[in-house]
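Any read-out appearing in this document is the output of simple, stated calculations on the displayed coordinates, not a laboratory observation. Predicted model only: the values in this text are computed from it and were never measured. Cβ coordinates were reconstructed from backbone atoms using ideal geometry, including for glycine residues, and neighbour counts include every protein chain displayed.
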Amino acid sequence: MLAQQRVVTPRQQGTFRSGKACVRPARRSSVRTTATLKVMISGAPAAGKGTQCAKIIDKYNLVHISVGDILRDEVKNGTAAGKKAKDYMERGVLVPDEVVVEMVKSRLAQDDVKMQGWLLDGYPRSASQAEAIEKEGIRPDLFLLIQVPDELLVERVVGRRLDPVTGAIYHMKYKLPPPEVVDRLQQRSDDTEDKCRVRVATHNANVGAVVGYYKDVLREIDGTKSMDAVFEDISAALDEAITKKDPLEAYCKDQPAADECRVYE
Ligand code: AP5
């Protein structure tokens, strides 16, 4: 006989491996969430990190932490950190750890990140940066490395345009902006061919050491495919990581939509 009957939403429903019904705590919205999934995304300049991060947060609701964006904001606001970072960024080399490491650690300690999980974009970029968060016990469930040959990167960098209003990333050949936003588009000051080559060299000099820390969770992604095809590969890697971390979440996301359902304990 049934001991108890409860009404739950589809998001709350799931089963254990035994097939027995179970319930999980209610979520605040119907947006698909991924508990506290922790993801790092890495790749050379213009490999497509920002483009893919926009798609990832839209689908997976992780908190996007872009170190490049945070630094650009600091520079724009003329903060002490921004003043220190400006020259390094202009030259396309790494900003010193004393500026970056604490910035990242304190962002990762905030409540939204703890509740939603994180997507860390552009950190760590050196062995010392990886070491700094290893010491804090901060490790990703998945390390995505977008691979694009050097010769494609310059074209992507110089053709990139940014919409300061929406944050959208366009490309004058690969992702054309709608005509109504063209006049307000901006180009980053480090998006020149010369600076791109320095940034690529900086990346290439450091990436091996960084990847060494995350071999167990590394997933290399072919970044030469179309933006949508790259996202399909990334989605597959994320779904796998979710299943590994939280089999119940994986079960719930695949359930057909319904207003409510009944489970029995
Ligand atoms: P950051 O802002 O992180 O720059 P980056 O790593 O050089 O990467 P980008 O933002 O240039 O490229 P992306 O991979 O996001 O490519 P996107 O998606 O835009 O860092 C800037 C600077 O900050 C650094 O140089 C350093 O000085 C400093 N810094 C940052 N992190 C630091 C750290 N941890 N420590 C110290 N210093 C740090 O795509 C590029 C273009 O290609 C776009 O136009 C897009 O439309 C197009 N595109 C994207 N995907 C595709 C595709 N599949 N096919 C065709 N086109 C594509």
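Structural remarks
- Calculated FRET value between D216 and D69, using beta carbons and R₀ = 41 Å, to 0.05: 0.90
- A simple spin-label model places pseudo-atoms 7 Å from Cα toward Cβ; at E151 and S189 they are separated by 3.3 nm.
- Cα centroid separation, region 159-231 to region 131-146 (Å): 21
- Interchain or long-range residues, amide H under 5 Å from V63's placed H: G117, W118, L119
- When restricted to Cα atoms, region 22-179 yields an Rg and a Dmax of 16.8, 55 Å, respectively.
- Look at the alpha carbon pairs under 8 Å that are at least 6 residues apart: their mean separation over the length of region 34-174 gives a relative contact order of 40 percent.
- Here's how it looks for S42: its modeled amide H is under 5 Å from those of L144, L145, I146, which are all 5 or more places away or on a different chain.
- Amide proton proximity set for H171, modelled H, under 5 Å, gap of 5+: R161, L176
- Ratio of the Cα radius of gyration of region 159-201 to 2.2 N^0.38 Å, where N counts its residues: 1.24
- ³J(HN,Hα), Karplus 6.51/-1.76/1.60, whole Hz, each residue of region 79-86, x for Gly, Pro: 6, 4, 5, x, 5, 5, 6, 3
- Residues K83 and K225, FRET efficiency given R0 of 35 Å [Cβ-Cβ distance, rounded to 0.05]: 0.30
- Between V93 and Y174, the simple label model (points 7 Å from Cα in the Cβ direction) yields a spacing of 2.8 nm.
- Violating pairs (Cα-Cα greater than 18 angstrom) within the set K38/K105; K38/K244; K49/K175; K49/K245; K38/K215; K55/K244: K49/K245; K55/K244
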